Amino acid sequence: MSTTLIQQVEDYLAATLLSPQGAAQHLTGKVSKHELAPFLGHISAISASYISHSVGSKLASPITGAQAAEAYALYYTIINAAKLLHLIPSLSFEREEISVLDLGSGPGTAGLALLTALKKSIHLTCVEDSPHMRKVAERLLSRYRSTGVLSKLSIMPALSSRSTDRYDLVIAANVVAELDSVEGERAFQSLAERTAPGGYLVVIEPGQQQHTRRLMHLRDTLLSKNTEFAPLFPCLRRDSCPMLRLSETDWCHGVIEWQQPRLNAHLDDLLSFNKHRIKYSGFIFQRGGVTPPGIRALTPPEKTRIGIETLVCGEDTFGVVRIRKGARSEKNRALEKASVFDRLLVSQPLQGDDAEEVSFSKP
Ligand SMILES: C[S@@+](CC[C@H](N)C(=O)[O-])C[C@H]1O[C@@H](n2cnc3c(N)ncnc32)[C@H](O)[C@@H]1O
């Protein structure tokens, strides 16, 4: 993920949301605590509401007014944009103009990430039920209208059940977490139905155990009801999730190492928060796509007394793979060096936990 793109998005957020004095301070260095003070209480309250929310119930929105929505945009938008920027390289579009549906768009987070990173013209539909968030989204996104990359922008409070529109890219980022169990399943299905043939469905959730396990359940339901959808990331199999079946606690998640942009790091200091690494969970599905071959590392390779161990998942494979001491070689180097969610090709199906005969390579 490009550090420049991230800083570019943050600079734009600062320029649009801070006072002229605050924006000028951001350009030359650190924004004063005095300028940030009005946002801090809102960010703390939003964070507290996310932490205390019980998963599977409807979240009472912490976005209680215009300044709360701006505070969300100032702190959370860059973090969530970073998650999307991390996943965007897995998507590929042939057409010059793509249509995007963003459910629970908040202040236009996904739109900002896509408009900054994709060299495409985007027809963007944001669905957001908070009027305060819709206002901030309008402010943040509308400047792209004049640049030609945003060919059309619609920001609406709800999805119309009568609409037959289909989109090249459907995104739901950190929104299913706010819905109750029934709504969450309905939303997932409705998003799947709105994904065009060849289009992608990207769902990102907060990097927390309970939200992620719920997302893993929703992934199972989606794939069992919609046979034309192929998982692309991180799953490399379309049967029910073995991690969910075999463990009551494990959760399939990744960590993004980023160079935290400076306003976000400063807000962390003032709030005693810590986002220097971003935990996330997310899935990419493609309607009519083909799941890539191989396995994915789900945990960082760990040195144990016996050798090096990594949990992997792929077609017909789920479990810990071990490279015994003394068996480390060029052919298993790619596994030893794998990061979480790296995809590796294997020379033969993995059997048992011993990988001595198998060669691993990066695609
Ligand atoms: C945590 S924010 C995520 C915003 C943005 N997607 C991001 O990743 O930064 C969730 C947003 O979803 C909105 N939301 C919750 N339920 C919704 C629903 N049923 N329809 C539309 N928006 C909804 C909330 O108002 C909130 O702005």
Full-extension gain in nm, Ile306 to Glu336, via 0.36 nm per residue minus C-alpha separation: 9.4 nm
Cut-off under 5 Å, modelled amide H: who pairs with Met156 long-range: Cys126, Val127, Glu128
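Provide the percentage of antiparallel DSSP beta bridges, counting only those with both residues in the chain; round to the nearest 5.
Details: 32 of 56 bridges.
Among the beta bridges of the chain, antiparallel pairing accounts for roughly 55 percent.
Once the piece of chain linking Ala15 and Thr299 is laid out straight, how much longer is it, given 0.36 nm per residue of separation minus the C-alpha distance between them?
Values: separation 284, 0.36 × 284 = 102.24 nm, distance 3.89 nm.
So the chain would gain 98.4 nm between Ala15 and Thr299.
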Under 5 Å, built H, 5+ apart or other chain: amide partners of Leu232: Ile284, Phe285, Gln286
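Please find the FRET efficiency linking Thr164 to Ala66, where r is the Cβ-Cβ separation and R0 is fixed at 51 Å, and quote it to the nearest 0.05. Write out the running numbers ahead of the final one.
Numbers: r = 34 Å, r/R0 = 0.67.
Efficiency, rounded to the nearest 0.05: 0.90.
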Highest to lowest packing among 234-241, 301-308, 282-289, scored as the average C-beta count within 10 Å: 282-289, 234-241, 301-308
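Taking the beta-carbon count within 10 Å as an exposure proxy, list Val346, Val321 from fewest neighbours to most. Can you show the working numbers first?
On the way: Val346 20, Val321 24.
Listed from fewest to most nearby Cβ atoms, that is Val346, Val321.
Work out the FRET efficiency for Ser272 and Leu118 from their Cβ-Cβ distance, taking R0 = 30 Å, and round it to the nearest 0.05. Walk me through the intermediate numbers first.
Numbers: r = 35 Å, r/R0 = 1.18.
Here the calculated transfer efficiency is 0.25.
For a Förster distance of 35 Å, can you work out the FRET efficiency between the beta-carbons of Leu59 and Ser361, rounded to the nearest 0.05? Display every interim value, and only then the final one.
Numbers: r = 44 Å, r/R0 = 1.25.
After rounding to 0.05, the efficiency reads 0.20.
Ranked highest first by the average count of other Cβ atoms within 10 Å around their residues, in what order do 174-181, 93-100 fall?
Top to bottom by mean Cβ count within 10 Å: 174-181, 93-100.
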Cα centroid separation - segment 255-325 against segment 201-217, whole Å: 14 Å
Top positive-direction residue, dipole computed over the chain with Cβ charges, set Leu244, Pro89, His53: Pro89
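Given the peptides 81-89, 62-70, 147-155, 217-225, arrange them by the average over their residues of other C-beta atoms within 10 Å, most packed first.
81-89, 62-70, 217-225, 147-155
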The chain: DSSP helices with Cα axial extent of at least 15 Å and average Kyte-Doolittle hydropathy no lower than 0.0: 3-17, 33-52, 66-87
Contact order normalised by residue count of segment 3-287, Cα under 8 Å, 6+ apart, percent: 18 percent
In order through segment 165-174: 3J(HN,Hα) via Karplus (6.51 cos²θ - 1.76 cosθ + 1.60), integer Hz, x for Gly, Pro: 4, 10, 10, 6, 9, 10, 10, 9, 10, 6
Computed [θ] at 222 nm, deg cm²/dmol, the chain (DSSP H ≥ 4; -39,500 (n - 2.57); rounded to nearest 500): -11500 deg cm²/dmol
For Tyr167, residues with placed amide H under 5 Å, excluding near neighbours: Thr195, Ala196
In nm, spacing of pseudo-spin labels at Gln259 and Asp354 (7 Å Cα→C-beta vector): 4.6 nm
Count of Lys pairs (Cα-Cα under 20 Å; at least 8 positions apart or interchain) in segment 42-171: 5
Prolate/oblate/rounded call for segment 1-84, Cα gyration tensor, a/c under 1.5 rounded: oblate
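Provide the net charge surrounding Ser281, with neighbours chosen by a C-beta distance below 11 Å and charges set as Lys +1, Arg +1, Asp -1, Glu -1.
Working: positive: Lys83, Arg213, Arg214, Arg219, Lys279; negative: Glu205.
That works out to +4.
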Extension gain from Ser52 to Arg95, taking 0.36 nm per residue of separation minus the Cα-Cα distance: 11.2 nm
Most mobile listed residue (Arg213, Arg162, Arg245) in the chain, GNM with C-alpha springs under 10 Å: Arg162
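The numbers here are math on the coordinates, done by the rules we state, and not lab data. Worth saying up front: this structure is predicted, and the values here are computed from it rather than measured. Here Cβ is always computed from backbone atoms with ideal geometry, including for glycine, and neighbour counts include all displayed protein chains.
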